[in-house]
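Heads up: the structure comes next, in structure tokens.
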There are 2 protein chains.
Amino acid sequence: MSVTDPTPVRVLLADDEHLIRGALAALLGLEDDLVVVAEAATGPEALAMARAHQPDVAVLDLQMPGADGVTVATVLRDELPGCRTMIVTGHGRPGHLKRALSAGVRGFVPKTVSAQRLAEIIRTVHAGNRYVDPELASDAIAAGDSPLTAREAEVLELSADGAPVTEIARRASLSPGTVRNYLSSAAAKLGAENRHTAVRLAQAKGWV
Amino acid sequence: MSVTDPTPVRVLLADDEHLIRGALAALLGLEDDLVVVAEAATGPEALAMARAHQPDVAVLDLQMPGADGVTVATVLRDELPGCRTMIVTGHGRPGHLKRALSAGVRGFVPKTVSAQRLAEIIRTVHAGNRYVDPELASDAIAAGDSPLTAREAEVLELSADGAPVTEIARRASLSPGTVRNYLSSAAAKLGAENRHTAVRLAQAKGWV
DNA sequence: CTGACGCCATGACATTTGTCAGAAGCGGTG
DNA sequence: CACCGCTTCTGACAAATGTCATGGCGTCAG
């Protein structure tokens, strides 16, 4: 039904790299049933473009200046329920997939797919179905759920830049002792020797 | 002279993201004077392809599995002196530019340029000229040279994953005390409170 | 050759961090 | 309601880390 559809799928492309975005727009434009109606280089720009052009499908890069793809998808789900969202990403961490799915994202693919394949997936998503890259999905399953409590994850994230405990405590409005306890238990749960390696592990799993 | 040249510029494309590589190949193929003779997804693959196809210009992504773009460029300079090399990168850190230039790279551009612009730069590079993105260049100048001595940088790099001092000492075959001295002086030079923030700073500047 | 500088190390000290025990409040769930 | 887990805190101790002074050894410029 799709390739001969008289009303083509209207696509929004958001990626901060002009090179990729332009090339992608050109390639997707070759498909008769797809039309790129808007492009954006940042999260806020993507939102503005979506509001202005009301696309059928928004193809969002995960890492963009301003607001990342999942954040944009969350807003779009509320503002434009008719717009399906999908995420493309370079290096997909397991946790991102979970975040994306709970933001109502219907497609999650790595940038290692071909443009042809991406076009098919856009059609799949537009038809109301979901598509998740099998490799990313299995990574996410293997990584499992975060063993961290909400505060543990929060404090761990605040310590990501290597700041001393007193600074983290200030940022989190907690006692330094509490911060140390959280960091200690978080590191123990992750099997890390100290909070710094714990941060790396949690980031690799996408839990922060 | 270029657009009507009867012998087009033979280009090698190396990027680990199929989506980008394919799209780029398609767009560059539209230029009459450019022909993409080979594609590669990893560093070693790029080398093998270059040896097999002897391209005029190698367009290399900075971050690839196996060997990064600068490493590939270094090898190519020795093995295929007739092949010009250029680097495209997503997030270019200042230090990378310096490394690239000393590896004989003649072009250094971010992925935020358009394909049209990239084609022009490929021609520039092929003609024997250099091209460096102005913004990346000014960043590199602003970042300046690394204030770290060779060992300071080495030890700092070994501590990048958050390992404890004893482990770093083992890896570097140094005394733990020496490691602490180096880390301390490195952090002082970088204006960091501890080695972890020092590592982040040095990485941001591209000094590690 | 002498002085400057980087490299490597040791030892001592203060500070920071990690670990543990304990305790209070709070929100669920059986 | 009793129980459990999460949150928050305190205090105390051990371990890791940061800081400083000091010394020997090599190399290189003046």
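The values are calculated or read from the model by the stated rules, or taken from the named source; none is laboratory data. Because the structure is a prediction, the values reported are computed rather than measured. We place every Cβ from the backbone using ideal geometry, glycine too, and count neighbours over all the protein chains shown. Please note that ligands, DNA and RNA were not included when accessible areas were found on the heavy atoms of the full protein model with its side chains. Shrake-Rupley method; radii C 1.70, N 1.55, O 1.52, S 1.80 Å.
Computed values, structure above
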item: Residue check, A:V109 open to solvent by less than 60 Å² (accessible area, probe 1.4 Å) and in contact with a strand residue (DSSP E or B) (Cβ under 8 Å, 6 or more places away or on another chain); result: yes
item: Tally, over region B:169-208, of residues that are assigned to a helix (DSSP H, G or I), within 14 Å of chain A (Cβ to nearest Cβ), near DNA strand D (Cβ under 10 Å from one of its atoms) and surrounded by fewer than 22 Cβ atoms within 10 Å (Cβ to Cβ); result: 2
item: From the options A:T71, A:T85, residue that is more than 14 Å from every other protein chain (Cβ to nearest Cβ) and at pLDDT 95 or above; result: A:T85
item: Qualifying positions in region A:152-168 - more than 12 Å from DNA strand D (Cβ to nearest atom) and not in a helix (DSSP H, G or I); result: A:S159, A:A160, A:D161
item: Odd one out for A:L156, checked against (1) within 14 Å of another protein chain (Cβ to nearest Cβ); (2) surrounded by fewer than 20 Cβ atoms within 10 Å (Cβ to Cβ); result: (2)
item: In region B:142-176, the residues that are within 22 Å of A:T197 (Cβ to Cβ) and near DNA strand C (Cβ under 10 Å from one of its atoms); result: B:E152, B:A153, B:E154, B:V155, B:G162, B:P164, B:A169, B:A172, B:S173, B:L174, B:P176
item: Options B:D16, B:D68, B:D61; residue that is open to solvent by less than 10 Å² (accessible area, probe 1.4 Å), among the charged types (D, E, K, R), assigned by TED's automatic domain parsing to the domain that holds B:L136 and touching a strand residue (DSSP E or B) at 6+ places or on another chain (Cβ under 9 Å); result: B:D61
item: Only one of B:P147, B:P164, B:P134 that is over 26 Å from the mean Cα position of the chain (by Cα) and surrounded by fewer than 17 Cβ atoms within 10 Å (Cβ to Cβ); result: B:P164
item: Test set (1) open to solvent by 50 Å² or more (accessible area, probe 1.4 Å); (2) within 18 Å of B:I20 (Cα to Cα) - A:I87 fails condition number; result: (1)
item: Test: residue in region A:36-45 that is among the charged types (D, E, K, R) and either within 14 Å of another protein chain (Cβ to nearest Cβ) or open to solvent by 50 Å² or more (accessible area, probe 1.4 Å) (or both); result: yes
item: Candidates B:V155, B:V109 - the one that is within 24 Å of the chain's Cα centre (by Cα), without any contact (Cβ under 8 Å) to a residue 60 or more places away in the chain and within 29 Å of B:D32 (Cβ to Cβ); result: B:V109
item: Condition check for B:E135: within 16 Å of DNA strand C (Cβ to nearest atom) and in contact (Cβ under 8 Å) with a residue 24 or more places away in the chain; result: no
item: Where B:R123 falls short, out of the listed (1) surrounded by 17 or more Cβ atoms within 10 Å (Cβ to Cβ); (2) free of Cβ contacts under 8 Å to residues at least 12 places away in the same chain; result: (2)
item: Which numbered condition B:A137 fails, given (1) in the same structural domain as B:H91 (by TED's automatic domain parsing); (2) out of contact with any strand residue (DSSP E or B) (no Cβ under 9 Å at 6 or more places or on another chain); result: (2)
item: Test set (1) within 16 Å of DNA strand D (Cβ to nearest atom); (2) within 14 Å of chain B (Cβ to nearest Cβ) - A:T149 fails condition number; result: (2)
item: Candidates A:D5, A:D78 - the one that is open to solvent by 40 Å² or more (accessible area, probe 1.4 Å) and at pLDDT below 90; result: A:D5
